[in-house]
Each structure stands twice: as C-alpha cells, then as structure tokens.
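Structure first, commentary second.
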Amino acid sequence: MKRFYFLRHVDVNGYSGTGVVAEGVIFDFGYGAFTWLTDKKTVTVFDDMGDIDFMHGHGGKTDIIFEDDDKFVECQQAAREIKQKRKAEERIEEDRKERKREQAKARRAKKKNEAIKT
C-alpha cells in the first residue's frame, strides 16, 4: 500500500486551489482511493493510477507525490495544517450555530413569558 498527495500547481477549474489539495492511497492490488482536502469531504475510488492521473493530473498541472518522493514529508505537513484549519473552521461554525439555537430558544422563552403575563 502506498500513500500519496496531489500537489496542484495550477487550479484548472478554479475549485480546489493550489498546493496540496488531496490525499490518497493505492492498494497493493492496484485499486486506490483519495479524498479532497477542501471543504467538500468526498472520497473517490478508482481502478488504477492511470485513471486518477488522467482525471485529475490536468496534463502535468498536478503532481502525484508518493511516500518515496522527497516532497512527501512537506506535503504531509501541509495536509496536516489544512486539516487542522478545517477542523477549527468547523468548530467556529458549530459554535455559531449553537449560539443561534440558544438565541432562538431565548426568544421563544421570552415570547412565552410575555404571553403568560398578558
């Protein structure tokens, strides 16, 4: 089994950005899977590395960096930072939603109390 990262130099579609944009694994029997390191959490399964390079390599605009590549550790650290940032953003968003729920609950309680008083 070999791990890899997509190191994108040019964002052809304007969606994934540049730098380390995905991480994945190739299984010993040839199949593999990868996930984007964007806000859209998806997993894609593919039959072989040729398919993945054809679909996402964009003619050399994205390098596929394997564990034995000198750039792998750098990509690994970048992916770790991206995931930490994403988790922090998710916590902020969840906190914002919780505050909105609490505010809505407080408004309902206030309306209920006002209705009881009248």
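The values are calculated or read from the model by the stated rules, or taken from the named source; none is laboratory data. Predicted model, so just to flag it, every value in this text is computed and none were measured. Cβ placement follows ideal geometry from the backbone for every residue including glycine, while neighbour counts extend to all protein chains displayed. To get the accessible areas, we keep the full protein, side chains included, count just its heavy atoms, and leave off ligands, DNA and RNA. Shrake-Rupley method; radii C 1.70, N 1.55, O 1.52, S 1.80 Å.
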Which entry is the computed Cα extents along the principal axes in Å for this structure: (i) 62, 24, 20; (ii) 35, 30, 23; (iii) 73, 27, 26?
(iii)
What nm value, rounded to one decimal, do you get for the distance between Ala106 and Asp47 when each label is placed 7 Å out toward the C-beta?
5.8 nm
How far apart, in nm, are two points set 7 Å out from the Cα along the Cα-to-Cβ line at Val73 and at Val10?
3.1 nm
Quick shape check on the stretch 1-49: root eigenvalues a ≥ b ≥ c of the Cα gyration tensor, a/c under 1.5 is rounded, otherwise prolate if a/b tops b/c, else oblate, and it reads prolate
Among 62-73, 17-28, 85-96, what's the highest-first ranking by average C-beta atoms within 10 angstrom per residue?
17-28, 62-73, 85-96
Determine, from the Cβ-Cβ distance of Lys97 and Tyr31 and an R0 of 30 Å, the FRET efficiency 1/(1 + (r/R0)^6), rounded to the nearest 0.05.
0.20
Leaving ligands, DNA and RNA out of it, rank Met1, Met49 by accessible area with a 1.4 Å probe, largest first.
Met1, Met49
Hey, what did the chain get for relative contact order, percent, Cα under 8 Å, at least 6 apart?
23 percent
